[in-house]
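Single-structure report; data block below.
None of the figures in this text is laboratory data; all of them are computed from the coordinates on show. Nothing here was measured: the structure is a model prediction, and the numbers come from that model. Please note: Cβ atoms are built from the backbone with ideal geometry, for glycine as well, and neighbour counts cover all protein chains shown.
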Amino acid sequence: MSRKPRVRERRRSAGRAGRRTNGAPVGSIVGAAPVFAALGDETRLGLVVRLSADGPLSIARLTEGLHVSRQAVTKHLRVLEEAGLARGMRVGRDSVWEMEPQRLDDARRWLSHIEGQWDDALGRLKRRLEGR
């Protein structure tokens with residue numbers, strides 16, 4: 001008599017979608033994709049670092065030291081804005097940009113959640129390999 005292998009299905013229940021685990025919103029991890037996509041570009045990541053360190057800055061100040069035009073910096077800032085990472089405001093003739101710390105905090109929580117999942121999985125693997 002041959003045994004049929006058991007197949008475990010992962011099912012999502014409607015009640016789990018909004019539950020939080022390790023501080024990360026489980027159902028909204030898909031919402032993190034635009035944040036990580038925006039941070040995945042070297043120029044945008046540099047702008048985030050600069051705005052986080054120096055506070056609100058004009059496009060002219062943000063362009064200093066970069067080898068890109070003001071127009072290119074503006075396009076990068078718009079991507080950050082669409083991802084909810086930065087916001088711009090008019091101050092006289094200048095556009096001044098600042099960080100939106102909430103979205104960075106969300107990204108930190110998502111990464112922390114994923115880190116916890118990996119730690120748990122590696123712990124289970126270690127225990128299995130050690131025969132505990």
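Values computed for the structure shown
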{"read-out": "J(HN,Hα) series, the range 64-76, from Karplus relation 6.51 cos²θ - 1.76 cosθ + 1.60, nearest Hz, glycine and proline x", "value": "4, x, 9, 9, 9, 6, 4, 5, 5, 4, 4, 4, 5"}
{"read-out": "Residues whose placed amide H lies under 5 Å from that of GLU100, excluding near-sequence neighbours", "value": "ALA86, ARG87"}
{"read-out": "Dimensions (Å) - the range 29-120, Cα atoms, principal axes, largest first", "value": "51, 24, 22"}
{"read-out": "Residue exposure sequence - TRP118, TRP97 - by fewest surrounding Cβ within 10 Å", "value": "TRP118, TRP97"}
{"read-out": "Sequence-distant residues sharing a close amide H with SER58 (under 5 Å, placed H)", "value": "TRP97"}
{"read-out": "ASP54 versus ARG109: modelled label distance in nm, points set 7 Å from Cα along the beta carbon direction", "value": "3.1"}
